[in-house]
Structures are given as C-alpha cells and as structure tokens.
Amino acid sequence: MQERQSFDYPSPQMGLVLQHFYEQHPEVVDRAGQEFFAYVQATQERVPKEKIEQLFNEWLAYDFRLKTGKTALETYIYRNPDELDAQELDLMQQANDSSYVSHFWIEKVDTKSQMLTLRECSTDAHFEVRDATASQSIEDNAGLVAARLIRLDGCWYFASDPIYFLPIPSTEDKGQSFIDVVKLHYGIWAPPSNSV
C-alpha cells in the first residue's frame, strides 16, 4: 500500500493540534514522548524515523492523557486556540468521538467508489472505508491492516497512514503454516510461492 501524500478526506486539522502542542506545550510533548518510546521500544533498524514519528503524533493527538484527563485533541477543541469555525471544530469532534483502532482484513476494494470493505479480526464487524490511494493500490482479499479509523460526516476513513499493512490473504478457512507466521512477524514477508 502506498503512503498517502495528503489525506483522502476532509481534514479534521490534526496538524494544528500537533503544532499547538509542540509550540505552546513542549513539556506535554516531552512527557508523552517518554511514555510512548519507553512503552513501544521501537528501534530505527525496524521502524523508519518518519514512521515512528507519525505513529507518535497520532497517539499524542488521540490517546495520550494530559494531567486534566483530556487528550490533546479534546483540549484543543475545548480551547480552540486558532479560532476555527464551527464546521472545522465539528470535524475534529467527530474524529475524536469515532476514533477506533484495530486489525482488519481487507475483503473488498472498489476502485470506482474508492471504498475498501474491512472486516475487523476480533469481532467480524464490517467497515466501509473511503481511501483514494489504497483503493487504487491494493486488491480484494489482499491483506491485513492495523489502523485507526475515524468517521467524518457519516463515512469511515483512515485517520492517517495505517500502522502497518501485511499483504497476506485472509486465512479464514485454512489457517496459516507455522513457518509463515514466524516469517510474518520476524522476517521480511512475501506471499508464499507454490513451489517447495
């Protein structure tokens, strides 16, 4: 799956939230960074710097709790330091209220409507996700994606680039071989060939 150059949906202005906290509250960003990196323990050998920064920023905006108990996004919406209009604040509130993180099988891709049908691994719940880039670069039953979804104006979108994408077909009926599972987690995964 290609990384997007820009969001494929009406942006809920997450860049403004991050800019505000990086500039006005660096102590919050520092505390969040210490917590995130101590917990995740990602190394640049396994995760490129740009990717881990994107993941941290998403976590900072949506999940990290300030001393008030609110997230950075909730705090920004309440304070509205950039004096956004009601429509922009509404999109931010929708993103905050609908934020949902999980693992999903990609079941169907419709390039014309730019929609992906995702099935959550743990619940079998289905999500219709609009994404112009992903709908052009992947195929039906093409893999497993871990991502944050947000619902804006009645439609689901990826909040940012997915956490990861594994180009493996759904194993609903047959399971996987042990060696494929080991390679999936520890190695460089490629679809298995038919040859032995």
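The values are calculated or read from the model by the stated rules, or taken from the named source; none is laboratory data. This structure is a prediction, so every number in the text was calculated from the model and none was measured. All Cβ positions, glycine included, derive from the backbone under ideal geometry; neighbour counts span all protein chains shown.
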- Condition set among the aliphatic types (A, V, I, L, M) and touching a residue at least 40 places away in the same chain (Cβ under 8 Å), scope the stretch 73-105, selection surrounded by the fewest Cβ atoms within 10 Å (Cβ to Cβ): answer is Val101
- Message: For the structure I just gave you, tell me whether Ile106 is within 15 Å of the chain's Cα centre (by Cα), within 13 Å of Gln13 (Cβ to Cβ), of a type in the set (A, V, I, L, M) and not assigned by TED's automatic domain parsing to the domain that holds Val28.
- Response: no
- Note on the structure: Among strands (runs of 3 or more DSSP E) entirely inside the stretch 82-141, those with 1 or more residues being hydroxyl-bearing (Ser, Thr, Tyr) and within 25 Å of Asp63 (Cα to Cα) are 100-110
- Message: Conditions first: (1) touching a strand residue (DSSP E or B) at 6+ places or on another chain (Cβ under 9 Å); (2) assigned by TED's automatic domain parsing to the domain that holds Ile168; (3) under 28 Å from Ile77 (Cα atoms). Ala132 passes all but one, so which condition is the exception?
- Response: (1)
